[in-house]
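Student: Structure incoming, see below.
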Amino acid sequence: MILLDRVTKSYGRDGKPALNRISLHVEPKEFVIIVGTSGAGKSTLLKLLTREEKPTSGKIVVGGIDYDQLKDKHIPLLRRKIGVVFQDFKLLPQRTVYENIAFALEIAGMTNREIKNTVPKVIELVGLTGKEKHFPHQLSGGERQRVAIARAIVRQPKILIADEPTGNLDPKHSWDIVRLLEKINKYGTTVLLTTHNVEIVNKLKRRVITLDHGKITSDQAQGSYRQGK
Amino acid sequence: MGKNAGPKALLQGRTKRRRWLTFIRMCRYGINNFSRNAWLTVAATAVMTITLLIMFMTLAARQVLVDTVDAIKDKLEMSIYVATDTPDEQAAVIKKALEKLPSVKSVTYISPEEARADFAEKSKNDMQTLDALNEATNKLPGSFRIKIVDINDPSELNHFVQTNETYKQNADPDRPPSFQGDRRTAIETIGKWVEFAERGGLVASVIFIIISALIVFNTIRMAIFNRKEEIQMMKLIGADRSFIRGPFVVEATMYGFIAALIATALGVGALYALQDRLDDWVTISHTVELATMYIGFILLAMILTGAAIGVISSLLATRKYLKI
């Protein structure tokens with residue numbers, strides 16, 4: 001599903017690489033947690049996958065798409081195949097819960113009928129039934145992240161990238177979000193989760209990839225994480 | 001992982017492009033943004049209104065200036081004088097010859113008798129002057145009052161007074177033509193001021209319009225800058241550039257449309273309100289007539305200008321944030 005082959009990403013001419021010749025293979029339907037301290041390269045890795053950044057060298061293939069062959073005009077199409085959830089939610093503040101989720105379908109050119117059929121089901125899946133007409137500022141942090149997840153999965157992507165989705169949430173809401181991600185993974189979506197939360201990493205018992213100074217320092221099938229590592 | 005596909009794999013799963021649906025959605029989002037960002041809408045529309053109003057008033061002021069200058073030009077006459085005893089037939093010959101000159105717009109002949117009657121009429125309350133006028137023989141000259149096309153260029157008229165034999169035979173030796181000597185300097189000064197006012201008015205109009213457009217551009221740029229994260233998010237979930245830009249363009253067009261309606265109403269209203277107060281000073285009535293006659297055209301031009309400024313500003317302002 002995701003393949004990185006000796007990928008390096010450097011910023012500036014003589015800058016230290018944010019990612020240094022990393023190779024990685026993620027199977028379909030896997031749930032992978034990426035951990036590492038600030039500056040370890042987690043965000044750079046995710047930016048390469050969403051094509052916000054181009055690698056300095058190396059090969060990236062996601063969902064069968066070779067990024068080397070990708071032109072700028074194809075990037076929006078690629079991004080529609082990948083769901084992304086951010087720590088700061090990145091919702092449209094002037095649009096309701098329903099409109100935020102529907103937006104992801106509207107940009108893909110789906111008809112109004114298709115949207116009307118799909119959105120309520122996803123709202124139900126993330127547990128926000130009854131809050132369709134609320135604006136983001138009327139929701140709690142956990143609810144906002146649920147909207148972001150609903151928006152990310154409404155197009156049924158094969159891959160869901162969650163960049164520190166629990167970073168702004170209290171423990172209860174963090175676990176709600178993690179359980180939701182597990183549920184989505186169970187339905188067949190490959191999930192890539194970056195987090196600092198030791199408790200979540202250790203309790204989930206999933207594959208854990210540890211990044212440090214731009215290199216993969218460990219890759220464990222049922223890994224754990226110790227803070228400061 | 002199997003055989004890797006190229007970008008064609010992305011296009012295969014792509015929903016058939018529904019341009020019309022996308023257009024409707026962009027418009028709807030633009031209208032939603034317009035109605036939901038109340039303060040931004042009020043601020044941007046106000047700035048756009050002021051801009052269009054400045055443009056309208058600048059052009060109206062220029063029209064008033066041109067009309068006033070025309071009126072001044074029209075009042076400014078060149079005069080040549082003939083002796084009191086010039087026969088009417090000779091005066092008619094001179095008048096005809098003057099009218100044939102290409103630089104002459106019109107010629108009026110005031111005979112010595114008419115000049116005396118005119119003087120008497122003007123002095124009817126001054127008994128002493130009237131008595132003196134009745135007792136004295138008429139020494140007033142006959143005069144030709146001439147309007148010329150370009151008040152700065154009386155050369156043809158000058159040539160006429162030096163070469164026309166009939167005039168030279170009858171010329172009043174005590175009164176040189178008004179475009180010679182000291183009086184010529186005065187006419188030239190007026191002519192230069194008129195020319196300066198015309199050119200200055202045009203330059204000021206262009207400068208005002210450019211400054212106004214830059215103010216609106218900056219306002220829209222700031223508004224879009226405030227929403228750059230929104231644009232970033234749209235990009236990351238796969239929105240096309242046109243889909244991201246569309247609502248901003250629609251929104252800015254709406255600012256322009258509403259601002260045009262308000263600015264036209266305020267501008268035309270101001271012209272009507274100022275007409276009575278300014279009529280003694282400048283020629284404003286023609287501008288008011290034009291504004292009334294072409295109100296539909298003015299409104300359309302204002303809407304198109306407002307929309308064009310909005311569209312161009314929003315396209316330029318969003319371009320910066322739409323790089324992949």
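The values are calculated or read from the model by the stated rules, or taken from the named source; none is laboratory data. In this text, all values refer to a predicted model and were calculated from it rather than measured experimentally. Heads up, the Cβs are rebuilt from the backbone with ideal geometry, glycines too, and the neighbour counts pull from every protein chain shown.
Student: Within segment A:47-95, track down each residue that is charged (D, E, K, R) and on the phi > 0 side of the Ramachandran plot.
Tutor: Across segment A:47-95, the qualifying residues are A:ARG51, A:LYS90.
Student: Mind checking whether some residue in segment A:210-229 is under 16 Å from the mean Cα position of the chain (by Cα) and surrounded by fewer than 19 Cβ atoms within 10 Å (Cβ to Cβ)?
Tutor: no
Student: Separate question: Please identify the pairs in which a residue from segment B:256-279 that is aromatic (Phe, Trp, Tyr) has its Cβ atom under 9 Å from the Cβ atom of a residue that is surrounded by fewer than 16 Cβ atoms within 10 Å (Cβ to Cβ), counting only partners at least 6 apart or on another chain.
Tutor: If the second residue must be surrounded by fewer than 16 Cβ atoms within 10 Å (Cβ to Cβ), the pairs left are B:TYR272/B:THR292.
Student: To continue, here is another question. Can we say A:LYS121 is under 24 Å from A:LEU193 (Cβ atoms), within 11 Å of chain B (Cβ to nearest Cβ) and surrounded by fewer than 19 Cβ atoms within 10 Å (Cβ to Cβ)?
Tutor: It is false that A:LYS121 is under 24 Å from A:LEU193 (Cβ atoms), within 11 Å of chain B (Cβ to nearest Cβ) and surrounded by fewer than 19 Cβ atoms within 10 Å (Cβ to Cβ).
Student: Any idea which of B:ARG145, B:ARG175 is within 18 Å of B:THR108 (Cβ to Cβ) and either in contact with a Phe, Trp or Tyr (Cβ under 6 Å, 6 or more places away or on another chain) or polar (S, T, N, Q) (or both)?
Tutor: B:ARG175
Student: While we're here: Please enumerate the residues belonging to segment A:135-155 that are part of a loop (DSSP other than H, G, I, E, B) and within 14 Å of chain B (Cβ to nearest Cβ).
Tutor: Of everything in segment A:135-155, those that are part of a loop (DSSP other than H, G, I, E, B) and within 14 Å of chain B (Cβ to nearest Cβ) turn out to be A:PHE135, A:VAL154, A:ARG155.
Student: Among the residues of segment B:251-265, are any crowded, with 16+ Cβ neighbours inside 10 Å and within 14 Å of chain A (Cβ to nearest Cβ)?
Tutor: Yes, some residue in segment B:251-265 is crowded, with 16+ Cβ neighbours inside 10 Å and within 14 Å of chain A (Cβ to nearest Cβ).
Student: Still on this structure, I have one more. Could you pull out every one of the strands (runs of 3 or more DSSP E) wholly within segment A:1-107 that has 2 or more residues that are more than 8 Å from chain B (Cβ to nearest Cβ) and under 22 Å from A:LYS215 (Cβ atoms)? Reasoning before the result, please.
Tutor: Details: elements: A:2-10, A:17-26, A:31-35, A:57-62, A:82-86.
Because the criterion is at least 2 residues that are more than 8 Å from chain B (Cβ to nearest Cβ) and under 22 Å from A:LYS215 (Cβ atoms), the strands (runs of 3 or more DSSP E) in segment A:1-107 that meet it are A:2-10, A:17-26, A:31-35, A:57-62.
Student: Name the residues in segment A:108-130 that are more than 17 Å from B:ARG28 (Cβ to Cβ), in a loop (DSSP other than H, G, I, E, B) and out of contact with any Asp or Glu (no Cβ under 7 Å at 6 or more places or on another chain), would you?
Tutor: A:VAL126, A:GLY127, A:THR129, A:GLY130
Student: I would also like to ask the following. What number of residues within segment B:59-77 are in contact with a Leu (Cβ under 8 Å, 6 or more places away or on another chain) and either free of Cβ contacts under 8 Å to residues at least 12 places away in the same chain or farther than 16 Å from B:VAL194 by Cα (or both)?
Tutor: 1
Student: Grab the helices (runs of 4 or more DSSP H) fully contained in segment B:110-206, keeping just those with 1 or more residues being aliphatic (A, V, I, L, M) and either assigned by TED's automatic domain parsing to the domain that holds B:PRO87 or surrounded by 15 or more Cβ atoms within 10 Å (Cβ to Cβ) (or both). Even if it seems obvious, please write down each step before you answer.
Tutor: Working: elements: B:112-122, B:127-135, B:155-163, B:165-170.
Because the criterion is at least 1 residues that are aliphatic (A, V, I, L, M) and either assigned by TED's automatic domain parsing to the domain that holds B:PRO87 or surrounded by 15 or more Cβ atoms within 10 Å (Cβ to Cβ) (or both), the helices (runs of 4 or more DSSP H) in segment B:110-206 that meet it are B:112-122, B:127-135, B:155-163.
Student: Every residue in segment B:89-107 that is surrounded by 12 or more Cβ atoms within 10 Å (Cβ to Cβ), assigned to a helix (DSSP H, G or I) and of a type outside the set (Gly, Ala, Ser), please.
Tutor: B:GLN90, B:VAL93, B:ILE94, B:LYS95, B:LEU98, B:GLU99
Student: Please work out if B:VAL66 is hydrophobic (A, V, I, L, M, F, W, C) and either touching a helix residue (DSSP H, G or I) at 6+ places or on another chain (Cβ under 6 Å) or modelled with pLDDT of 90 or more (or both).
Tutor: The answer is no for B:VAL66.
Student: Scan (1) among the small types (Gly, Ala, Ser); (2) touching a residue at least 24 places away in the same chain (Cβ under 8 Å); (3) surrounded by fewer than 23 Cβ atoms within 10 Å (Cβ to Cβ) for the single condition A:GLY130 breaks and write down its number.
Tutor: The single condition A:GLY130 does not satisfy is (2).
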